[in-house]
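For reference, the structure discussed in these notes is given below.
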Amino acid sequence: MIKFIATDLDGTLLDDARRMPAEIFPLIERLCARGVLFAPASGRQYANLKKLFAPVHDKIVYICENGALIKYRDQTLHVCPIDDGMLRNALKEIRAVPHAFPLLCGEKNAYIDSDASPFSECARASYDNCVRVEKLEDVIGREKICKISVYDEISSAENCYRVLPAKLCGLRTILSGRNWCDVSAPEADKGRAMQVIRSNFSLKKEECAAFGDHMNDLEMLAECGHAYVTANAYPPLKEKFKNTVPSNNEGGVLKKIHELLREGI
C-alpha cells in the first residue's frame, strides 16, 4: 500500500517547456483523500515550489534544494547547510572553471553576482527569491546556505563536473541537469530527505514511491520501495532503475499515479 509519492520536477513532472500540468492539483487532492502524502522533490528553492503548488500548499510536503531543506506547512522539518569555510573554498574553485557560474541557495533566498546571459535568466526562472549581490562571498554568514548550484554554459557533464568533484573534497557534487551541477554538504541529498520524511510521518520504505530523471534523484529512488524513472531520464540512472514511465512530455508521472489509484494505491 503506497502512502507517500515524491516526484522530481524539471525533466520529470514538468515538460521540456517547464510547464506544470494543471491536472496535478486535482490529482493531489485525490491522493490526499486516499491518505497519500505528496511531495515535489526538487533542486528548486522553497519560495518557488510554494508558488508552483499554491492550490495545494497545505496538503503537501516540500523537498527543496535537492533534499537540503524540507518544509511542511511553512515549518522547517530539516535543513542541512554547507560549512562557511567550505563555502569560501568551493566558490574559489568554481570560479576557476571556465564557463561556470555559481549561485548560492540559501534557506530563504538565492544569490547571484553575475548578470551574464543566459545564466542570470535561468537563475531567476528557477528561483523566485533571487537576489543580485556584488560578491557571493559577502553573503556567507547572512543565512544558512543549503546548496551551490553551478551553471555551465557548455555542459555540466562535459565541463565543470570533470573538475569539481576532485577539487571539492568533503562536499557532495552531483549532476542535476544538462547545464547544472549542485554542490552540497555530504549528507544532504533527496535520499536523506526521504529518511527524515519517513521518520516524521511513520512511513515504511515499501509504502513510498518516487519518480526521477537525473542523478540527483538517485538516492531518493533508492530509498523508496517503488522507484520509477521517465523514458527521457539520464541513461546511467535508467541503468540502475528499470521501472520506466513515459517521458515528461508525455505526462508519464501523471499516467503512473492514475494507474496506482486505479489499483487502489
Legend entry - Additional length obtainable on full extension of the chain from Q75 to A47, 0.36 nm per residue less Cα span: 8.8 nm
Inset, instruction - State to the nearest 20 debye the size of the charge dipole of region 1-69 about its Cα centre, where the only charges are +1 on K and R beta carbons and -1 on D and E beta carbons. - result: 220
Inset, instruction - Could you size up the charge dipole of region 222-261 around its Cα centre, putting +1 on the beta carbon of Lys and Arg and -1 on that of Asp and Glu, and report it in debye to the nearest 20? - result: 60
Legend entry - Cβ-based charge dipole, the chain, positive-most Cα from F53, F101, V150: F53
Legend entry - Virtual spin-label span in nm between H258 and E121, 7 Å along Cα→Cβ: 3.4
Inset, instruction - Just the number, please: carbon plus sulfur as a percent of the accessible area of region 1-60, 1.4 Å probe, no ligands or DNA/RNA counted. - result: 55
Legend entry - Residues of type lysines that K167 reaches as a straight line, Cα spacing below 24 Å, ignoring anything fewer than 8 places off in the same chain: K92, K135, K144, K147, K190
Legend entry - Antiparallel content of DSSP bridges confined to region 1-124, in %, to 5: 60
Legend entry - Relative contact order %, region 109-198, counting alpha carbon pairs below 8 Å whose residues are six or more apart: 23
Inset, instruction - Using DSSP, restrict attention to beta bridges with both residues in region 155-254 and report what percent are antiparallel, rounded to the nearest 5. - result: 45
Legend entry - Average accessible area per residue (Å²) across the chain - probe 1.4 Å, nucleic acids and ligands excluded: 42
Legend entry - Rg in Å to one decimal, and Dmax rounded to a whole Å, for the chain via C-alpha atoms: 17.6, 54
Legend entry - Cα lying deepest toward the dipole's positive end in the chain, options S199, C64, Y228, charges on Cβ: S199
Legend entry - Separation in nanometres of the label points that stand 7 Å from Cα toward Cβ, at E158 and A96: 2.4
Legend entry - Loop trypsin sites (Lys or Arg not before Pro), region 1-68, which have at most 15 other Cβ atoms in a 10 Å radius of their Cβ (DSSP): R18, R19, R34
Legend entry - DSSP bridge pairs, the chain: antiparallel proportion in percent, nearest 5: 55
Inset, instruction - Please work through the chain and write down the cysteines that have no neighbouring cysteine Cβ at a distance under 4.7 Å. - result: C32, C64, C80, C105, C122, C130, C146, C160, C169, C181
Legend entry - Dipole magnitude of the chain about its Cα centre (Cβ charges: Lys, Arg +1; Asp, Glu -1), debye to nearest 20: 560
Inset, instruction - For region 142-193, give the percent of accessible area contributed by carbon and sulfur heavy atoms, probe 1.4 Å, rounded to a whole number. - result: 47
Inset, instruction - May I ask which residue of V139, G252, L168 lies farthest towards the positive end of the charge dipole of the chain, with charges of +1 (Lys, Arg) and -1 (Asp, Glu) on Cβ and the Cα centre as origin? - result: G252
Inset, instruction - Consider a paramagnetic label point 7 Å from the Cα of S202 along Cα→Cβ; state which residues of region 208-247 have an amide N under 17 Å from it. - result: 208
Inset, instruction - Treating the angle as unsigned and between 0 and 90°, give the value, to the nearest 10°, between the Cα long axis of helix 84-95 and the longest Cα principal axis of the chain. - result: 80
Inset, instruction - Return one number: the angle in degrees, 0 to 90 and rounded to the nearest 10, between the long axis of the Cα atoms of helix 24-33 and the longest principal axis of the Cα atoms of the chain. - result: 60
Inset, instruction - DSSP loop (so not H, G, I, E, B), at most 13 other Cβ within 10 Å: list which GluC sites (Glu not before Pro) in region 1-82 pass both filters. - result: E23
Inset, instruction - Using a 1.4 Å probe and ignoring any ligands, DNA or RNA, find the accessible area of M220 and quote it in Å² to the nearest 10. - result: 0
Legend entry - Rounded to 10°, Cα long-axis angle of helix 252-262 versus longest principal axis of the chain: 30
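The values are calculated or read from the model by the stated rules, or taken from the named source; none is laboratory data. It should be emphasised that the depicted structure is a prediction, and the values quoted were computed from it without experimental measurement. So basically every Cβ, Gly included, is an ideal-geometry build from the backbone, and we count neighbours across all protein chains shown. The area values use the complete protein model at the heavy-atom level, side chains included, leaving out ligands, DNA and RNA. Shrake-Rupley method; radii C 1.70, N 1.55, O 1.52, S 1.80 Å.
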